[in-house]
Structure formats: structure tokens, C-alpha cells
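Okay, structure first, notes after.
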Amino acid sequence: MKKINIILTAIVVLFLTGCHEEVISVDLSTAEPRLVIDASIDWVKGTAGNEQKIKLTTTTGYYEDEFPIVSGAEVTVTNSTNTVYYFIEVPNSGEYICTNFVPVIDETYTLTIHLDGETYTATETLVAVPSIEDKVEQNDKGGMAGDEIELTYYYKDNGFEYNYYLYCFNMKHVIYPQYEVENNEMNQGSLTQVFYSHEDLEVSDDVTFKLYGISKRYYNYMVKLLLASGSEDGAMFPATPAAVRGNIINQTNSENFAYGYFRLSEVGIKNYTIE
């Protein structure tokens with residue numbers, strides 16, 4: 001009888017709380033703003049790759065909708081032969097554009113940012129990626145419960161080396177692109193399947209698949225980032241509860257480190273319309 005009373009009490013409490021919802025805002029302390037560097041150089045297959053963008057913002061409060069932009073920085077990328085590519089800011093945008101970048105597979109590049117008397121640097125290599133196969137398979141009874149549209153695309157892994165990949169899925173039913181990372185430990189040199197399903201997919205929806213070649217270090221960074229954000233399922237994140245450091249180093253003041261990562265990838269893209 002005591003157990004029944006406890007259950008009934010719990011049901012009543014749940015009913016009452018369910019009938020009256022109140023938004024509670026927690027007063028959170030906000031740390032000093034820290035530089036965030038979005039330096040992803042993407043060379044899409046079949047393009048020149050000459051136009052690239054680097055974006056600078058700062059961290060902000062948890063409840064804020066936008067990240068403050070950072071203007072007035074000097075941003076360059078230098079290759080191994082000391083060719084310098086200048087990224088010039090679109091006035092008051094925090095977006096720094098280069099229109100003559102030359103992407104070369106396996107070339108090493110160094111990012112340098114001068115801002116407020118401090119210098120940030122990072123070095124990375126441009127990583128190749130296989131082409132996405134032409135065919136995309138559609139299964140109308142896919143997903144974990146068999147009630148979702150599931151799509152499968154393929155790429156042929158390079159069997160002569162260890163490879164690391166970033167998968168990106170984008171469609172109208174998600175605000176942010178969804179990401180996953182993969183290595184070829186279990187599929188060395190094989191034709192690799194990539195699955196994607198979503199409960200809201202329906203006929204005539206457009207889905208974009210992107211396949212990035214990434215370094216082992218960036219792969220490890222993304223694993224930590226997805227775990228820290230609680231996004232193991234691939235959904236990208238508006239905020240992370242834990243700080244994850246990238247490969248960018250403040251050479252002037254190590255205590256004033258920046259968030260972000262300098263990455264260079266060849267990218268394969270495949271668009272598909274649900275039938």
C-alpha cells in the first residue's frame with residue numbers, strides 16, 4: 001500500500017508540473033571573452049579553391065544568440081616555400097578573405113594572426129579525400145526503428161595509408177549541419193558505406209553530403225569536441241560545457257589561448273533529392 005501511495009504521489013506531481021511550465025533563467029557568471037578562430041580551408045573537388053575565408057569572433061554569454069566579431073587583425077597563411085597568402089577583412093565583419101590561395105595536397109601551411117599586440121600561429125597539412133561514388137541508395141524503412149528514410153553513399157578508402165575522415169550532413173530539418181568522424185582502421189582500402197537517416201526526411205527533400213580528408217590530430221580534436229558537446233549522434237553544437245583546445249598557439253602570451261582549429265581539407269560533395 002505504501003508503494004502504491006508513492007507511485008500515485010509521483011503521478012500527481014508529474015501532472016501538476018506538466019500543466020504549468022515556467023521558464024527559469026539561471027544567473028550564470030560569464031568568463032572574460034576569448035578569441036575564437038574558425039580557420040577551415042576547404043578545397044572542394046573540381047574547383048580552383050582560390051577563394052578561402054577565416055572568421056574571427058570571441059566567446060560570449062550562454063544566453064547570447066550571436067558571437068561578437070573581431071576586426072582589425074592581420075591574417076596570413078604561408079606555405080612551405082614561404083609564399084604568403086593575405087586574408088583581408090571585409091570591413092567590420094570579422095570575416096577575412098583570400099582570393100588567390102593555391103591549395104596543394106600534402107603541402108604544409110602555417111596560419112599567423114596578429115591581433116592586439118599578440119601573435120597566434122598554427123601549422124597543418126592539406127589532406128586529400130576520395131571521391132564520393134555516384135550512386136546513393138535510399139531505404140524507406142531505415143533508421144533504428146525501421147520508420148525513417150535512410151540514405152547510403154559510398155567512397156573507396158585509400159588502402160596505402162591510415163586515413164581520417166569528417167562526414168557532414170545538411171538538410172532543411174536541422175539548424176546546424178550534422179558531423180561525424182571516422183578512421184579507416186576497420187575498412188582499410190575497402191569500399192566504405194556512410195549511412196544517414198532522420199525522422200523528418202520526406203519526399204523531395206534535398207540532402208547534402210560532404211566528405212572531408214582530415215589529419216589524425218584533427219580527428220582526435222573532433223572526437224573530444226563531439227563528446228564534450230554531448231553530440232555523439234552528430235548534431236553540431238551551439239555551445240560546449242567543456243573547453244577543448246585546438247592546434248592554435250598564442251606565441252606571445254600562452255595564458256591568453258584561443259579556441260578553434262586550423263584545418264585544411266580536400267572535400268567531396270554529393271547532393272541527393274529524396275524520391
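Values quoted throughout were computed directly from the atomic coordinates according to the rules given, and no laboratory measurement underlies them. The model shown is predicted, which means the values in this text are computed figures rather than measured ones. Here the Cβ is made from the backbone with ideal geometry for all residues, glycine too, and neighbour counts use every protein chain on show.
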field: Tail beyond 26 Å, pair distance distribution of the range 118-275 (Cα, percent)
entry: 34 percent
- prompt: Debye sum, Cα scatterers, the range 46-142, no solvent: what log₁₀ I/I(0) at q = 0.16, 0.23 1/Å?
  reply: -0.80, -1.22
- prompt: Just the Cα atoms of the range 179-224, one point each, no solvent: what log10 I(q)/I(0) does Debye give at q = 0.17, 0.23 Å⁻¹?
  reply: -0.69, -0.99
- request: Loop only per DSSP, at most 13 neighbouring Cβ atoms within 10 Å: give me the chymotrypsin sites (Phe, Trp or Tyr not before Pro) in the range 122-228, ordered by residue number.
  value: PHE160, TYR162
- prompt: Could you give the dipole magnitude of the range 76-225 about its Cα centre, charging the beta-carbon of Lys and Arg +1 and that of Asp and Glu -1, in debye to the nearest 20?
  reply: 500 debye
statement: Among HIS114, ALA73, ASN92, the residue whose Cα sits farthest towards the positive end of the charge dipole of the range 71-185 (+1 at Cβ of Lys and Arg, -1 at Cβ of Asp and Glu, taken about the Cα centre) is ASN92
statement: Rounded to 0.05, the calculated FRET efficiency for the beta carbons of ARG34 and ASP147 at R₀ = 51 Å is 0.75
statement: Expected unfolding gain across THR121-LYS53 under the 0.36 nm per residue rule, minus the alpha-carbon gap, is 22.8 nm
field: Principal axis box of the range 150-198, alpha-carbon based, largest edge first, Å
entry: 38, 18, 12
- request: Report the calculated FRET efficiency for THR83 and VAL174 (r = Cβ-Cβ distance, R0 = 41 Å), to the nearest 0.05.
  value: 0.60
task: In whole angstrom, note down how far apart the Cα centers of the range 58-116 and the range 155-200 are.
output: 27 Å
